[in-house]
């Protein structure tokens, strides 16, 4: 069931294929607030095709929906076109449009990979992990050196820097570079 406002905007028709009745409200991620301006009205076929492989020819309908004035429809259309950008028709559409930069960022946000913390061997680090120092480290602001092989328990990830973690050595919380640790 779609909201009254969304139904008024789409006039009961799917906003991507424009050929069958819209029956689903689809919020274009990463937006979550459920505002009509962040949603697209979809039919059953378009909704199921979004998760399917090899639906390139089906999505030729995006050649029309990308020109809709609504940023949510543009963002979703652009995102789906990016999935098929290696096909000539999709690449032609992408190259022929001039969307607002914010709309493009919204669309491309689905392809962003979250920054992750990794140890010196490429293993994923998480809050609470135990790590072992791979070399001796001079600890700035203290009078001790953390020896190679020192175990650091219950690490915390530094949120704005994937190359740093925090941990306690000799009862002092210090910042440690991830390239000098291995997951224990």
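Points worth noting:
- Subset of the stretch 98-120 (residues that are part of a loop (DSSP other than H, G, I, E, B) and surrounded by 10 or more Cβ atoms within 10 Å (Cβ to Cβ)): 99, 100, 115, 116, 117, 119, 120
- Selection status of residue 139, more than 30 Å from residue 40 (Cα to Cα), in contact (Cβ under 8 Å) with a residue 24 or more places away in the chain and either in the same structural domain as residue 28 (by TED's automatic domain parsing) or surrounded by 12 or more Cβ atoms within 10 Å (Cβ to Cβ) (or both): yes
- Answer residue from the stretch 145-159, given it is touching a strand residue (DSSP E or B) at 6+ places or on another chain (Cβ under 8 Å) and not in a strand (DSSP E or B) and is surrounded by the most Cβ atoms within 10 Å (Cβ to Cβ) among those: 155
- Of note, residue 85 satisfies the criterion of being touching a helix residue (DSSP H, G or I) at 6+ places or on another chain (Cβ under 7 Å), loosely packed, with under 14 Cβ neighbours inside 10 Å and at pLDDT below 95.
- Just one of the numbered conditions (1) out of contact with any strand residue (DSSP E or B) (no Cβ under 8 Å at 6 or more places or on another chain); (2) under 30 Å from residue 28 (Cα atoms); (3) loosely packed, with under 13 Cβ neighbours inside 10 Å is not true of residue 124: (1).
- Candidates 81, 6, filtered to the one that is in contact (Cβ under 8 Å) with a residue 24 or more places away in the chain and not in a strand (DSSP E or B): 6
- Matching residues in the stretch 31-49 - criterion: being in a loop (DSSP other than H, G, I, E, B) and at pLDDT 90 or above: 35, 43
- All positions within the stretch 117-143 that are on the phi > 0 side of the Ramachandran plot and modelled with pLDDT of 90 or more: 122, 128
- Any hit, the stretch 150-167, residues being more than 30 Å from residue 60 (Cβ to Cβ), outside the structural domain of residue 62 (by TED's automatic domain parsing) and modelled with pLDDT under 90: yes
- The set of residues from the stretch 55-78 being surrounded by fewer than 21 Cβ atoms within 10 Å (Cβ to Cβ), in contact (Cβ under 8 Å) with a residue 12 or more places away in the chain and under 22 Å from residue 5 (Cβ atoms) comprises 67, 68, 70, 71.
The values are calculated or read from the model by the stated rules, or taken from the named source; none is laboratory data. All of these numbers come straight from a predicted model, not from anything done at the bench. Methodologically, a virtual Cβ is constructed for each residue, glycine included, from the backbone with ideal geometry; neighbour enumeration extends over all protein chains shown.
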